[in-house]
Amino acid sequence: MFPFQLQVVSIPVKANFRGLKFRELALFEGPAGWSEFSAFTEYNNKESTPWLSASLEAATKPAPKPIRDQIPVNATLPNVKVSEVKQLLAAFAGCTTVKIKINDFISDQDLLVETLKHIPNAKFRLDVNGGWSLAEAVANLKNYEQEFGSLIEYVEQPCIDIADLSILRRSTSIKIAVDESIRKFLGSDLTKLKEVADIAIIKWAPSGGVRSALELIEKIDLPVVISSALDSSVGISHGLSLAAAVPNLYGACGLGTVALLDGDVTSEPLLATSGFMRNRKIIADRVSEFKVAPDRQSWWQDRADVIYEGGLL
């Protein structure tokens, strides 16, 4: 049986992010402080295992020694209507780097145009989540480059196939970042990613925890952006611990996403100020406001028990 009793919450999401209207996640407190198990509900036990391992580490072991005390962060803009852009960006105080979830150039170029109205000096990161074929990637990036040029810092996971990424990298001057190519293939030889990508996107929970992430970062040997998975402030605090310890950090990190939640488990949420965030211990003192129904509580506890007892950790 999992050694901690979970407290499961469901927090409303402000905008369409991964199709979610609520972010469901499980919290518990260990000797090192509060932790979070938040593998998405559609993930199977194998895929959820590193998330549970990360949560156990965070609850029972101190964070590594930081090498920086504040972390630059980017704004995160889901694939929303143009009319929603202003309000969403306002929640990321002082952030001038903006990550935008996009489908293609035709439907989403207006999101960049609208962003520039509110952040005239914005730099963009285009997140595709592996949604393009090679031909689509070449065409879309050509158009984005022609229209926005040096304003685009990188495109994140334009294609899933490694061979496609290799060809694409030779076809565009836009830098390529990889996320799913790391997260979904943790057991493979990730040292080869240097041949197809310029930047690695790393998240503390899918990597198995801060220590595992640091080992992964050393192995991949690319500049790193630390990101999140729509965590509560508890999860974000552990992402910040990782970002504070990474030697080869590449600019702003995707850790300001509490701004996309309509509520939080703490009365002092971790949010960007002047484009930066500082880490601190989080006390989950608002859990009772977002508690789920008993059947969902049981579902999460059973999930953790099965993974823990199955020896997958």
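Would you pick out the residues in region 155-174 that are under 20 Å from Leu190 (Cα atoms) and either buried (at least 22 other Cβ atoms within 10 Å of the Cβ) or in contact with a helix residue (DSSP H, G or I) (Cβ under 7 Å, 6 or more places away or on another chain) (or both)?
Correct list: Val155, Glu156, Gln157, Pro158, Cys159, Ile160, Ile162, Asp164, Leu165, Ser166, Ile167, Leu168.
Would you kindly identify the helices (runs of 4 or more DSSP H) lying entirely within region 140-229 that contain at least 3 residues that are in contact with a strand residue (DSSP E or B) (Cβ under 8 Å, 6 or more places away or on another chain) and aliphatic (A, V, I, L, M)?
Answer list for region 140-229: 210-220.
Write out, first by first residue and then by second, each pair whose Cβ atoms fall under 9 Å of each other, whose residues are 6+ apart or on separate chains, and whose first residue, in region 261-283, is of a type in the set (Phe, Trp, Tyr) while the second is in a strand (DSSP E or B).
That search, which allows pairs on different chains as well, returns Phe276/Ile71; Phe276/Pro72; Phe276/Val73.
If you scan region 260-274, which residues turn out to be crowded, with 16+ Cβ neighbours inside 10 Å and on the phi > 0 side of the Ramachandran plot?
Within region 260-274, just Gly263 meets the criteria.
Condition first: in contact (Cβ under 8 Å) with a residue 40 or more places away in the chain, surrounded by 22 or more Cβ atoms within 10 Å (Cβ to Cβ), part of a helix (DSSP H, G or I) and not assigned by TED's automatic domain parsing to the domain that holds Leu255. Can you find one or more residues in region 28-50 that meet it?
Scanning region 28-50, I find at least one residue that is in contact (Cβ under 8 Å) with a residue 40 or more places away in the chain, surrounded by 22 or more Cβ atoms within 10 Å (Cβ to Cβ), part of a helix (DSSP H, G or I) and not assigned by TED's automatic domain parsing to the domain that holds Leu255, so the answer is yes.
Conditions first: (1) surrounded by fewer than 20 Cβ atoms within 10 Å (Cβ to Cβ); (2) outside any helix (DSSP H, G or I); (3) at negative phi. Lys86 passes all but one, so which condition is the exception?
Every condition holds for Lys86 apart from (2).
Keeping to region 186-212, report how many residues are over 13 Å from the mean Cα position of the chain (by Cα) and under 16 Å from Pro64 (Cβ atoms).
Total meeting the criteria: 5.
If we keep just the residues of region 241-295 that are of a type in the set (D, E, K, R) and in a loop (DSSP other than H, G, I, E, B), which is nearest to Ala59 (Cα to Cα)?
Lys281
Among the listed residues Ala245, Ala252, identify the single one that is surrounded by fewer than 22 Cβ atoms within 10 Å (Cβ to Cβ), in contact (Cβ under 8 Å) with a residue 12 or more places away in the chain, touching a Pro at 6+ places or on another chain (Cβ under 6 Å) and farther than 24 Å from Lys192 by Cβ.
Testing whether each residue is surrounded by fewer than 22 Cβ atoms within 10 Å (Cβ to Cβ), in contact (Cβ under 8 Å) with a residue 12 or more places away in the chain, touching a Pro at 6+ places or on another chain (Cβ under 6 Å) and farther than 24 Å from Lys192 by Cβ leaves just Ala245.
Here are Val224, Val196: which of them is buried (at least 24 other Cβ atoms within 10 Å of the Cβ) and either β-branched (Val, Ile, Thr) or without any contact (Cβ under 8 Å) to a residue 24 or more places away in the chain (or both)?
Going through Val224, Val196 in turn, just one is buried (at least 24 other Cβ atoms within 10 Å of the Cβ) and either β-branched (Val, Ile, Thr) or without any contact (Cβ under 8 Å) to a residue 24 or more places away in the chain (or both): Val224.
What number goes with the only condition from (1) buried (at least 20 other Cβ atoms within 10 Å of the Cβ); (2) out of contact with any Pro (no Cβ under 8 Å at 6 or more places or on another chain); (3) over 18 Å from Ala139 (Cβ atoms); (4) not acidic (Asp, Glu) that Lys184 does not pass?
Evaluating Lys184 over (1) buried (at least 20 other Cβ atoms within 10 Å of the Cβ); (2) out of contact with any Pro (no Cβ under 8 Å at 6 or more places or on another chain); (3) over 18 Å from Ala139 (Cβ atoms); (4) not acidic (Asp, Glu) leaves (1) as the failure.
Mind checking whether some residue in region 154-162 is of a type in the set (A, V, I, L, M) and at pLDDT 95 or above?
yes
Evaluate region 34-46: report whether one residue or more is in contact with a Cys (Cβ under 6 Å, 6 or more places away or on another chain) and under 30 Å from Ile152 (Cα atoms).
No, region 34-46 contains no residue that is in contact with a Cys (Cβ under 6 Å, 6 or more places away or on another chain) and under 30 Å from Ile152 (Cα atoms).
The values are calculated or read from the model by the stated rules, or taken from the named source; none is laboratory data. All values reported here derive from a predicted model rather than from experimental measurement. Using ideal geometry, Cβ is built from the backbone for each residue, glycine included, and neighbour counts are taken over all protein chains shown.
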